[in-house]
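Remarks on the structure that follows.
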Amino acid sequence: MIGRLNHVAIAVPDLKAAAARYAGGLGADVGAPIELPEHGVRVIFVTLPNTKIELMEPLGPGSPIAGFLEKSPAGGMHHVCYEVEDILAARDRLVATGARVLGDGTPKTGAHGTPVLFLHPKDFDGCLIEIEQV
Ligand SMILES: CC[C@@H](C(=O)O)C(=O)SCCNC(=O)CCNC(=O)[C@H](O)C(C)(C)COP(=O)(O)OP(=O)(O)OC[C@H]1O[C@@H](n2cnc3c(N)ncnc32)[C@H](O)[C@@H]1OP(=O)(O)O
Ligand SMILES: [Co+2]
């Protein structure tokens with residue numbers, strides 16, 4: 001059911017500094033900052049030949065990544081995002097197998113303007129999974 005790896009997300013304490021490291025030493029193609037209040041994050045996408053890296057910092061109180069950065073103040077790998085063709089069919093199949101979809105199960109519009117959902121990390125080997133309809 002899952003398709004391509006859309007992105008790997010890294011939570012960072014300082015987005016500008018992280019983006020400068022990717023643009024500098026790593027020589028990467030680094031995009032502009034995007035604020036996503038509905039998701040409580042500010043992100044910058046780094047485009048690689050085969051996938052993307054999503055650098056993210058908390059935006060506003062109650063950000064879903066605040067707890068993660070409290071535990072790992074230097075930052076760290078936060079989630080992987082897999083593409084799916086039909087997010088509602090994917091959600092229903094996952095729920096039927098016992099996986100927990102975070103939130104109320106209604107997809108939100110993600111950074112690429114398409115519907116996204118998140119799956120609990122405890123149900124996937126300690127890895128938070130985002131699925132994105134493409
Ligand atoms: C930009 C839009 C979009 C896109 O289009 O790409 C995004 O990527 S938005 C990204 C940010 N949004 C989200 O992450 C939404 C989903 N996440 C959540 O709802 C929460 O982050 C969470 C997964 C429920 C965790 O929230 P937290 O407040 O940290 O809850 P807990 O403390 O109760 O954590 C429970 C348990 O899970 C462990 N944990 C937390 N985060 C992660 C993680 N990223 N990867 C692996 N494990 C994680 C946490 O350590 C707790 O474990 P225990 O201590 O063993 O109980
Ligand atoms: Co993401």
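Here are some notes:
- Filtered residues of segment 70-100 (kept if assigned to a loop (DSSP other than H, G, I, E, B), closer than 16 Å to L128 by Cβ and of a type in the set (D, E, K, R)): R100
- Restricting segment 106-122 to residues that are assigned to a loop (DSSP other than H, G, I, E, B) and of a type in the set (S, T, Y), the residue that is surrounded by the fewest Cβ atoms within 10 Å (Cβ to Cβ): T106
- On inspection, G103 passes the criterion of being part of a loop (DSSP other than H, G, I, E, B), more than 22 Å from L55 (Cβ to Cβ), at pLDDT 95 or above and within 9 Å of ligand 1 (Cβ to nearest atom).
- Among the conditions (1) away from ligand 2 (no atom under 14 Å from the Cβ); (2) free of Cβ contacts under 8 Å to residues at least 24 places away in the same chain; (3) surrounded by 14 or more Cβ atoms within 10 Å (Cβ to Cβ), E70 misses just one, which is (3).
- Odd one out for A28 among (1) open to solvent by less than 40 Å² (accessible area, probe 1.4 Å); (2) among the aliphatic types (A, V, I, L, M); (3) near ligand 1 (Cβ under 10 Å from one of its atoms): (3)
- Some residue of segment 45-67 being closer than 16 Å to F118 by Cβ and open to solvent by 80 Å² or more (accessible area, probe 1.4 Å): yes
- For C127, the test of being surrounded by 14 or more Cβ atoms within 10 Å (Cβ to Cβ) and either within 15 Å of the chain's Cα centre (by Cα) or over 21 Å from G31 (Cα atoms) (or both) is failed.
- Within segment 112-122, the set of residues being near ligand 1 (Cβ under 7 Å from one of its atoms) and in contact with a strand residue (DSSP E or B) (Cβ under 6 Å, 6 or more places away or on another chain) comprises V116, F118, P121.
The values are calculated or read from the model by the stated rules, or taken from the named source; none is laboratory data. Please read all numbers here as calculations on a predicted model, not as lab measurements. Counting neighbours? That spans all protein chains shown, and the Cβs are built from the backbone with ideal geometry, glycine included. Ligands, DNA and RNA are excluded from the accessible area calculation, which covers all protein heavy atoms including side chains. Shrake-Rupley method; radii C 1.70, N 1.55, O 1.52, S 1.80 Å.
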